[in-house]
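Trainee: One structure, as structure tokens, below. Some questions next.
The values are calculated or read from the model by the stated rules, or taken from the named source; none is laboratory data. Everything quoted here is computed from the prediction, not taken from an experiment. Note that we place each Cβ from the backbone using ideal geometry, even for glycine, and neighbour counts take in every protein chain shown.
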Amino acid sequence: MAVVNLLITLLEHFGLIVSATFLLLSWSAFRKLVLKETSLLDKTVLILFFGAFGIIGTYAGTPLMGAIANLRAIGVITGGLFGGPLVGAGAGLIAGGHRFLIDINGFTSIPCGLSTFLEGLAAGLISLHLKEKVLNWRVAAFLGIVGESAHMLITLALARPFAEAWALVQVVALPMILINSFGAGLFVEIIRFVLEDRQRRESYQAQKALDIANRTVSYLRTGLNRESARKTTEIIYKRLSVAAVSMTDDTQILSFVGAGEDHHQAGLEFQTAATRKVIETGKPAFLTKRDQIGCATHDCPLESAIIAPLRKGKSIVGAIKFYGSKKIPLNKIDFQLAVGLANLFSTQLELENIHITSQLLARAEIKRLQSQINPHFLFNSLNTIVSLCRTNAEKARGLILELSTYLRRNLRENQSVIPVAEELQQVRSYLSIEQARFGDRIRVSVDVEEGCQDWPVPPLIIQPLVENAIKHGICGREDGGSIRVGIARSNGELSISVDDDGVGMEKELLRTVFSKEADDPGKNAGGIGLRNINQRLEKVYGPQYRLRIKSSPHKGTAIRMKIPRSSSILGTSPPSQADS
């Protein structure tokens with residue numbers, strides 16, 4: 001009967017301990033301490049906490065037969081599992097030392113104090129082995145059973161007189177083993193629940209921040225201006241529970257969305273002295289009072305504000321601001337989210353410089369590729385014109401005009417895209433010269449679907465393919481051959497084909513046509529033209545728009561490419577949806 005009564009008493013006291021523990025772990029300041037990577041100072045605080053918890057377990061016990069039936073093991077075992085050997089041993093030393101001092105002459109004071117220390121140390125050593133699996137109620141309950149069983153054995157071994165120790169153990173063993181093991185398991189579950197709850201909330205906040213960053217990257221990549229700020233603040237306002245959102249540069253409001261937007265307008269200088277301070281110091285601010293916002297409008301609904309700096313390299317270029325009202329107050333989570341978003345936006349703004357540099361390098365490379373005119377074509381053209389000067393001066397004059405047109409377009413500097421019609425004019429200029437040289441050996445047909453003439457394409461994207469077909473295809477046959485250029489729309493893209501019935505290519509040659517060997521005319525019959533175009537298509541549109549070539553010896557060559565309906569090449573603006 002005494003065992004049952006003791007069990008009920010310890011359960012009652014245990015309920016109070018659990019309630020107090022839950023309240024303590026719900027306190028944000030302590031939760032941040034417990035759930036972060038701990039420094040030596042943090043471990044010291046944890047030692048004091050779990051040691052104090054062990055002391056509370058002593059006072060939550062019941063005096064019995066010259067000893068104390070207690071719940072001390074709950075705190076020290078949990079402390080060891082959570083904080084490691086240092087925390088477990090430290091908490092055990094505090095709780096065990098306290099037990100010894102309050103009953104220094106008691107016949108169980110030494111075994112109880114020693115057992116408490118050993119339980120904390122053992123739990124800490126077990127945590128080193130289990131690592132991230134340590135917060136498991138089964139582990140804690142098992143340690144409670146083993147630890148309290150060892151406690152009983154140590155009491156029998158050290159406490160004197162033995163008869164009294166034996167009588168005591170018979171009464172307290174079962175209740176203490178059951179309640180302490182159950183309590184340690186439950187305490188570990190409480191900590192695990194708090195930890196997972198915080199991780200879930202942090203994960204949710206991170207997902208929101210990344211979603212916002214993902215949706216705004218295309219706007220902030222163009223820099224911090226009114227348009228990018230307006231798009232960004234609208235996205236944030238729709239996805240966060242805040243009264244208003246604003247973005248500024250280093251002098252004025254660029255965008256304001258939400259409560260108070262009737263008088264907080266883009267183009268106005270910001271009124272808050274705190275904003276100037278944030279931009280000057282680079283340190284975020286949390287304004288909790290209405291007068292700190294500095295709005296002169298007496299009925300302004302804004303009650304609080306969070307200001308986080310936007311950086312571009314080492315410079316502060318502006319700020320992102322969240323506002324709260326009576327209905328939608330701001331909290332510390334909003335502050336952390338604002339700072340996190342500001343860091344992400346700063347990275348996006350920094351990428352603008354990288355994007356511009358990449359654009360300039362790509363543009364320079366494309367211009368270099370465009371400028372690689374085959375000198376043999378130029379010499380052959382001039383020789384043809386010279387020979388015609390004596391026999392057909394009028395035709396020679398026309399070829400000079402065609403050649404000048406061809407060269408002028410080939411060396412253009414300012415256009416990233418041109419209409420298909422203009423590119424075909426370049427093809428015709430080239431063909432006029434080549435047909436003057438080869439006569440009827442070159443037969444060319446051009447088939448353009450209606451509505452494709454205005455489609456934007458990179459300059460010199462078709463003419464080099466025709467040139468390649470003439471030089472390395474049909475000119476290899478004594479009687480020449482035919483070339484067909486086809487242009488049509490397909491699935492929202494422009495399909496371009498250049499087919500010839502010339503000599504074709506061997507498989508090995510076809511395999512290396514886009515390799516560096518293609519730069520050596522002596523090794524590759526395709527010359528530089530195919531690789532040039534392929535490089536440009538990849539740089540402008542991506543690897544999925546590479547040239548596709550089919551060729552067989554003596555059967556000719558077929559080249560295909562696709563151009564998406566977009567003129568957004570190296571910074572130019574895309575067409576409207578209506579143009580698609």
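Trainee: Go over the candidates 68, 56, 110 one by one and state the one that is closer than 23 Å to residue 139 by Cβ and in contact (Cβ under 8 Å) with a residue 12 or more places away in the chain.
Mentor: On the way: 68 fails: closer than 23 Å to residue 139 by Cβ; 110 fails: closer than 23 Å to residue 139 by Cβ.
Just a single option satisfies the conditions, and that option is 56.
Trainee: Taking into account only those residues within region 324-349 that are in contact with a strand residue (DSSP E or B) (Cβ under 7 Å, 6 or more places away or on another chain) and assigned to a loop (DSSP other than H, G, I, E, B), which is nearest to residue 281 (Cα to Cα)?
Mentor: The first filter runs over region 324-349 and keeps only residues in contact with a strand residue (DSSP E or B) (Cβ under 7 Å, 6 or more places away or on another chain), leaving 324, 329-330, 334-335, 338-339, 341-342, 345-346, 349.
Those still in the list that are assigned to a loop (DSSP other than H, G, I, E, B) too: 329-330.
Working: 329: 26, 330: 23 Å.
Among residues in region 324-349 that are in contact with a strand residue (DSSP E or B) (Cβ under 7 Å, 6 or more places away or on another chain) and assigned to a loop (DSSP other than H, G, I, E, B), the one nearest to residue 281 (Cα to Cα) is 330.
Trainee: Filtering region 514-536 down to residues that are aliphatic (A, V, I, L, M) and surrounded by fewer than 20 Cβ atoms within 10 Å (Cβ to Cβ), which residue is modelled with the lowest pLDDT?
Mentor: 525
Table: residues versus (1) closer than 17 Å to residue 230 by Cα; (2) not assigned by TED's automatic domain parsing to the domain that holds residue 236; (3) not polar (S, T, N, Q).
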position	(1), (2), (3)
303	no, no, yes
317	yes, no, yes
321	yes, no, yes
326	no, no, yes
332	no, no, yes
336	no, no, no
342	yes, no, yes
347	no, no, no
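Trainee: Oh, and also: Could you check how many residues of region 438-474 are part of a helix (DSSP H, G or I), crowded, with 19+ Cβ neighbours inside 10 Å and not β-branched (Val, Ile, Thr)? Full working, then the answer.
Mentor: If we filter region 438-474 for residues that are part of a helix (DSSP H, G or I), which is where we start, we get 438-441, 463-472, 474.
Next cut, crowded, with 19+ Cβ neighbours inside 10 Å only: 463-472, 474.
After this cut, where a residue has to be not β-branched (Val, Ile, Thr) as well, the list is 463-465, 467-469, 471-472.
Within region 438-474, residues that are part of a helix (DSSP H, G or I), crowded, with 19+ Cβ neighbours inside 10 Å and not β-branched (Val, Ile, Thr) number 8.
This table checks each residue for (1) modelled with pLDDT of 85 or more; (2) surrounded by 20 or more Cβ atoms within 10 Å (Cβ to Cβ); (3) within 19 Å of residue 58 (Cα to Cα).
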{"position": "127", "(1), (2), (3)": "yes, yes, no"}
{"position": "163", "(1), (2), (3)": "yes, no, no"}
{"position": "176", "(1), (2), (3)": "yes, yes, yes"}
{"position": "184", "(1), (2), (3)": "yes, yes, yes"}
{"position": "202", "(1), (2), (3)": "no, no, no"}
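Trainee: Here is a follow-up. Before we move on, is residue 2 farther than 22 Å from residue 143 by Cβ, at pLDDT 65 or above and in contact with a helix residue (DSSP H, G or I) (Cβ under 6 Å, 6 or more places away or on another chain)? Steps first, please.
Mentor: Values: farther than 22 Å from residue 143 by Cβ: yes; at pLDDT 65 or above: yes; in contact with a helix residue (DSSP H, G or I) (Cβ under 6 Å, 6 or more places away or on another chain): yes.
It is true that residue 2 is farther than 22 Å from residue 143 by Cβ, at pLDDT 65 or above and in contact with a helix residue (DSSP H, G or I) (Cβ under 6 Å, 6 or more places away or on another chain).
Trainee: Can you name the strands (runs of 3 or more DSSP E) wholly within region 206-323 that have at least 2 residues being surrounded by 13 or more Cβ atoms within 10 Å (Cβ to Cβ), modelled with pLDDT under 90 and aromatic (Phe, Trp, Tyr)? Walk me through it before giving the result.
Mentor: Values: elements: 244-248, 253-258, 285-287, 304-312.
Output list is empty.
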